[in-house]
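*Asks:* Mind having a look at this structure? Questions to follow.
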Amino acid sequence: MAEEDPSLVSRHSFLESTLRGFTRAVSKALLSEHAATQSGLLQQLDPRVRVIGILALVISVIVCRRLEAIAALLLIAIAIAVASRVSLSSLAKRVWLVILGFSGMIALPALFLTPGEPLFTAPILHLSASVQGMRTAVLLVLRVETAATLTTVLVLSTAWTHILKALRSLHLPAEVVTMLAMTHRYVFLLIETANQMFESRQSRTVGILSGSEQRKMTARTAGVLLSKSIELSHEVYLAMLSRGFRGEVRLLTDFHLRSRDYVGLTAFIFTSFLAVWIGR
Amino acid sequence: MASTFEVQNISFSYEAIPALCGLTLHIGEGERVALLGANGSGKSTLLRILDALYFPSAGSVTFKGDTLTEKRLQEEEFSLKFRRRVALVFQNPDVQLFNPTVFDEVAYGPLQMQWSKQDVMRRVEETLQFMSLAHLRDRPPYRLSGGEKKRVALASVLVLDPEVLLLDEPTATLDPKSQSQVVDLMQQWKGTAKSVITATHQLEIVEDIADRVYVLEAGTVIAEGTPSEVLSNTELLLRANLIHAHRHSHDGVVHSHPHLHGHARHEHEH
């Protein structure tokens, strides 16, 4: 056991609090159906229209090559979020900042490796960034941000069971829908189990662990957590089978297409085509 | 008595670890049977086999004359009919509650049975009232207390009005009040056509919930009898690890005697 050192204390609490914060955030994100019950733009459309419409916009984001077109699609995604009463601060915390960190790291090399007109030279490393490199990096980050924003808005504004039923009614194979349903429940169980394991570990830990001890402990915990979760998800599947589940998603809610759904679908498809045409 | 389940010489293993070894038993129509055994004796595995979630590697299980095989359960008509008639309440209610609200949870089974929407709504409302869960209908199941979760898990299978109820440790981890509520409910089924098979190691509830008892040890039946016959056989209970020798002293005299957990007090002579 390491001696008590303020730096170790902060490292210990940082690791614990990061993991706890992550599990809290994912749990909240997965289980929050608050926005789905609000009366917003997406909520007024048939779930099948929402799924097709958002999918069309995501495809157009992937196909677009012009920065301006993708930026316009991001603005449209934000407008849909606001009109669907999805909190922008929640989007910023859950999507924008996280994506910026991850895709930013992936995009960084492009800034220096793409040949072209010099933009600036990085101090110490003496690597020069190009205008074309900057454009490539921004394009990548913006593309990921926009696609993630669109899918998050869909998930937050639609009950998970409705998304599954919509996917099934769009002829996605029953096996794939079952896998998605199980994944949703599996992740929830994983989070629950992780929280219980952290609490249990904390109650049995005396003093402060050193960095290497913490890493070993975290690796062991991750392994045990995985085995436990696989077992639990198997149990959930058995419980579903026991009550008659045969791969079909059956709900009390029936989906009906109304005139506003046709208007919505047309708007989604038109916007997607327009974006692809402008951004080609 | 007409047969509900005929279990003939079944064996089952989890990879290389045997769980059931040549187990044979019979459950009659409308019978209330307790499967008594310590942890790891094979009770939960047997319930899963009776619910056709697992299939034995050897031996056979028949339900009302139909042999339960994996192939048979793949037939939609047979599978729906069987799932409608036989229901299992899992030991851990968390694995059984996977819907967004209590109402959706209770409606899940009837929807899988492809009942009409009106019938589903009516039956769910009736079941929620019967189980005193109506006030929780819009609550997410994962936010309920342990006792409430257990009641929702029970409601989610009772809504189908099954002929056979398989209960895996129904009172384990419950507080005394919730435990007595579950036992009271199980007592209501006495004399009805419902067969109730309960796996438990809580000896104190056996006389209330069963008319016949099978004692399991290491994946096989080691005894069968009425609750009073089984509970009065100390040697059998010790062998099945359902009671243990309790060592203590009175006025400096150390002695030991069989000890049954679950009773608040016990008396014995010296």
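The values are calculated or read from the model by the stated rules, or taken from the named source; none is laboratory data. Keep in mind the model is a prediction, meaning the values are calculated, not measured. Here the Cβ is made from the backbone with ideal geometry for all residues, glycine too, and neighbour counts use every protein chain on show.
*Asks:* Has segment B:31-54 got at least one residue that is more than 19 Å from the chain's Cα centre (by Cα) and of a type outside the set (A, V, I, L, M)? Quick ask: steps written out before the conclusion?
*Replies:* Taking segment B:31-54 and keeping what is more than 19 Å from the chain's Cα centre (by Cα), we get none.
Scanning segment B:31-54, I find no residue that is more than 19 Å from the chain's Cα centre (by Cα) and of a type outside the set (A, V, I, L, M), so the answer is no.
Conditions tested, residue by residue: (1) buried (at least 21 other Cβ atoms within 10 Å of the Cβ); (2) over 14 Å from residue B:224 (Cα atoms).
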| position | (1), (2) |
| --- | --- |
| B:20 | yes, yes |
| B:24 | no, no |
| B:34 | yes, no |
| B:41 | yes, yes |
| B:57 | no, yes |
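*Asks:* So is residue A:266 of a type in the set (Ser, Thr, Tyr), more than 14 Å from every other protein chain (Cβ to nearest Cβ) and either surrounded by fewer than 17 Cβ atoms within 10 Å (Cβ to Cβ) or assigned to a loop (DSSP other than H, G, I, E, B) (or both) or not?
*Replies:* Working: of a type in the set (Ser, Thr, Tyr): yes; more than 14 Å from every other protein chain (Cβ to nearest Cβ): yes; either surrounded by fewer than 17 Cβ atoms within 10 Å (Cβ to Cβ) or assigned to a loop (DSSP other than H, G, I, E, B) (or both): yes.
Judged against the criteria, residue A:266 is a match.
*Asks:* Can you confirm whether residue B:89 is among the aliphatic types (A, V, I, L, M) and over 20 Å from the mean Cα position of the chain (by Cα)? Can you show your working first?
*Replies:* On the way: among the aliphatic types (A, V, I, L, M): yes; over 20 Å from the mean Cα position of the chain (by Cα): no.
Taking the combined requirement at face value, the residue does not satisfy it.
*Asks:* Mind telling me which of the residues A:178, A:183, A:149 ends up being polar (S, T, N, Q), within 20 Å of the chain's Cα centre (by Cα) and assigned by TED's automatic domain parsing to the domain that holds residue A:54? Spell out how you get there, then give the answer.
*Replies:* Numbers: A:178 fails: assigned by TED's automatic domain parsing to the domain that holds residue A:54; A:183 fails: assigned by TED's automatic domain parsing to the domain that holds residue A:54.
Testing whether each residue is polar (S, T, N, Q), within 20 Å of the chain's Cα centre (by Cα) and assigned by TED's automatic domain parsing to the domain that holds residue A:54 leaves just A:149.
*Asks:* Scan (1) of a type outside the set (Ser, Thr, Tyr); (2) surrounded by fewer than 18 Cβ atoms within 10 Å (Cβ to Cβ); (3) at pLDDT below 85; (4) within 28 Å of residue A:276 (Cβ to Cβ) for the single condition residue A:63 breaks and write down its number.
*Replies:* Just one mismatch for residue A:63, condition (3).
*Asks:* Answer yes if at least one residue in segment A:116-123 is surrounded by 19 or more Cβ atoms within 10 Å (Cβ to Cβ) and touching a residue at least 12 places away in the same chain (Cβ under 8 Å), and no otherwise. Write out each step before concluding.
*Replies:* Initial filter on segment A:116-123 (surrounded by 19 or more Cβ atoms within 10 Å (Cβ to Cβ)): none.
Checked segment A:116-123: no residue is surrounded by 19 or more Cβ atoms within 10 Å (Cβ to Cβ) and touching a residue at least 12 places away in the same chain (Cβ under 8 Å).
*Asks:* Sticking with this structure for a sec: Mind checking which pairs have a first residue in segment A:222-235 that is closer than 18 Å to residue A:181 by Cβ and a second that is among the β-branched types (Val, Ile, Thr) and modelled with pLDDT under 80, Cβ under 9 Å, 6 or more apart or different chains?
*Replies:* Matching pairs, first to second residue: A:229/A:187; A:229/A:193; A:232/A:193; A:233/A:183.
*Asks:* With the requirement that a residue be modelled with pLDDT under 85 and either in a strand (DSSP E or B) or within 14 Å of the chain's Cα centre (by Cα) (or both), what does segment B:188-198 give you?
*Replies:* Initial filter on segment B:188-198 (modelled with pLDDT under 85): B:188-193.
Within segment B:188-198, just B:189 meets the criteria.
*Asks:* For residues that are of a type in the set (Phe, Trp, Tyr), in a helix (DSSP H, G or I) and more than 9 Å from chain A (Cβ to nearest Cβ), tally how many sit in segment B:91-130.
*Replies:* Here the count works out to 1.
*Asks:* Let me ask something else about it. Being exposed (fewer than 12 other Cβ atoms within 10 Å of the Cβ) and either closer than 24 Å to residue B:107 by Cα or in contact (Cβ under 8 Å) with a residue 60 or more places away in the chain (or both) narrows it down to one residue among A:254, A:261; which is it?
*Replies:* Details: A:261 fails: exposed (fewer than 12 other Cβ atoms within 10 Å of the Cβ).
Of the residues listed, the single one that is exposed (fewer than 12 other Cβ atoms within 10 Å of the Cβ) and either closer than 24 Å to residue B:107 by Cα or in contact (Cβ under 8 Å) with a residue 60 or more places away in the chain (or both) is A:254.
The rows are residues; the columns are (1) away from every other protein chain (no Cβ under 12 Å); (2) part of a helix (DSSP H, G or I); (3) free of Cβ contacts under 8 Å to residues at least 24 places away in the same chain.
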| residue | (1), (2), (3) |
| --- | --- |
| A:136 | yes, yes, no |
| A:143 | yes, yes, no |
| A:147 | yes, yes, no |
| A:152 | yes, yes, no |
| A:162 | no, yes, no |
| A:168 | yes, yes, no |
| A:172 | yes, no, yes |
| A:181 | no, yes, no |
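*Asks:* Something else: Restricting to segment A:95-119, count the residues that are touching a helix residue (DSSP H, G or I) at 6+ places or on another chain (Cβ under 7 Å) and among the aromatic types (Phe, Trp, Tyr).
*Replies:* Residues meeting the conditions: 2.
*Asks:* When you scan segment A:65-77, do you find a residue that is of a type outside the set (A, V, I, L, M), assigned to a helix (DSSP H, G or I) and either within 18 Å of residue A:280 (Cα to Cα) or in contact with a strand residue (DSSP E or B) (Cβ under 8 Å, 6 or more places away or on another chain) (or both), even just one? Talk me through it step by step, then tell me what you get.
*Replies:* Quick first cut of segment A:65-77, residues of a type outside the set (A, V, I, L, M) only: A:65-66, A:68.
Filter once more, so that each one left must be assigned to a helix (DSSP H, G or I): A:68.
Then keep just the ones that are either within 18 Å of residue A:280 (Cα to Cα) or in contact with a strand residue (DSSP E or B) (Cβ under 8 Å, 6 or more places away or on another chain) (or both); that gives A:68.
The answer is yes; a qualifying residue exists.
*Asks:* Those residues that are among the hydrophobic types (A, V, I, L, M, F, W, C) and either touching a helix residue (DSSP H, G or I) at 6+ places or on another chain (Cβ under 7 Å) or at the interface with chain B (Cβ under 9 Å from one of its Cβ atoms) (or both), I need them from segment A:228-251; list them, please.
*Replies:* Within segment A:228-251, the subset among the hydrophobic types (A, V, I, L, M, F, W, C) is A:230, A:232, A:236, A:238-241, A:245, A:249, A:251.
Once the filter is applied, which keeps residues that are among the hydrophobic types (A, V, I, L, M, F, W, C) and either touching a helix residue (DSSP H, G or I) at 6+ places or on another chain (Cβ under 7 Å) or at the interface with chain B (Cβ under 9 Å from one of its Cβ atoms) (or both), segment A:228-251 yields A:232, A:236, A:238, A:239, A:240, A:241, A:245, A:249, A:251.
*Asks:* Quick one: in segment A:41-60, of everything that is surrounded by fewer than 21 Cβ atoms within 10 Å (Cβ to Cβ) and among the polar types (S, T, N, Q), which residue is farthest from the chain's Cα centre (by Cα)?
*Replies:* Looking at residues that are surrounded by fewer than 21 Cβ atoms within 10 Å (Cβ to Cβ) and among the polar types (S, T, N, Q), I get A:44.
*Asks:* Could you check how many residues of segment B:61-101 are within 20 Å of residue B:199 (Cα to Cα), in contact with a strand residue (DSSP E or B) (Cβ under 8 Å, 6 or more places away or on another chain) and either among the polar types (S, T, N, Q) or surrounded by fewer than 19 Cβ atoms within 10 Å (Cβ to Cβ) (or both)?
*Replies:* Residues in segment B:61-101 being within 20 Å of residue B:199 (Cα to Cα), in contact with a strand residue (DSSP E or B) (Cβ under 8 Å, 6 or more places away or on another chain) and either among the polar types (S, T, N, Q) or surrounded by fewer than 19 Cβ atoms within 10 Å (Cβ to Cβ) (or both): 4 in total.
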